[in-house]
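Report on one structure; see the data block that follows.
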Amino acid sequence: MKGKITGVTSRAKPAGRTDLARLRDMRDDDIDYSDIPALTEDFWQHAKLTLPQAKDRLTLRLDHDVVVWLKRQGKGYQTRINAILRAYMKAHAGKKGRDNAAS
């Protein structure tokens with residue numbers, strides 16, 4: 001029998017590689033902004049708030065080996081599944097009988 005691999009139950013989170021103590025102690029003057037353009041008033045006058053598309057919550061049954069492969073690709077396997085499905089959808093957009101299936 002295959003075990004579930006849908007989550008990590010350990011309470012201890014793995015330590016990241018970011019030196020958080022050094023970042024907390026850093027002064028604003030120590031930050032190198034040379035590769036970031038300064039934001040002007042003009043930017044804020046034309047800025048537009050865009051929210052992410054709403055997502056539907058659903059239960060999806062996938063083959064065990066598919067889930068294992070997706071998770072081995074790194075963090076964000078559910079986002080990856082969405083991206084794979086979106087790429088498939090775009091590749092098949094406009095093909096007769098497929099676009100209006102949900103209508």
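The values are calculated or read from the model by the stated rules, or taken from the named source; none is laboratory data. Quantities reported herein were computed from a predicted structural model and do not represent experimental measurements. Neighbour counts are summed over all protein chains in view; Cβ atoms, including those assigned to glycine, are modelled from backbone coordinates with ideal geometry.
Things to note:
- The single condition among (1) assigned to a loop (DSSP other than H, G, I, E, B); (2) modelled with pLDDT under 90 that Gly74 does not meet is (2).
- Pairs with Cβ under 7 Å, 6+ apart, first in region 47-71 and under 16 Å from Ile84 (Cβ atoms), second surrounded by 10 or more Cβ atoms within 10 Å (Cβ to Cβ) and of a type in the set (A, V, I, L, M, F, W, C): Val67/Ile5; Val68/Ile5; Leu70/Ile81; Lys71/Ile5
- When residues in region 77-100 are screened for being surrounded by 10 or more Cβ atoms within 10 Å (Cβ to Cβ) and either touching a strand residue (DSSP E or B) at 6+ places or on another chain (Cβ under 8 Å) or assigned to a loop (DSSP other than H, G, I, E, B) (or both), 3 of them pass.
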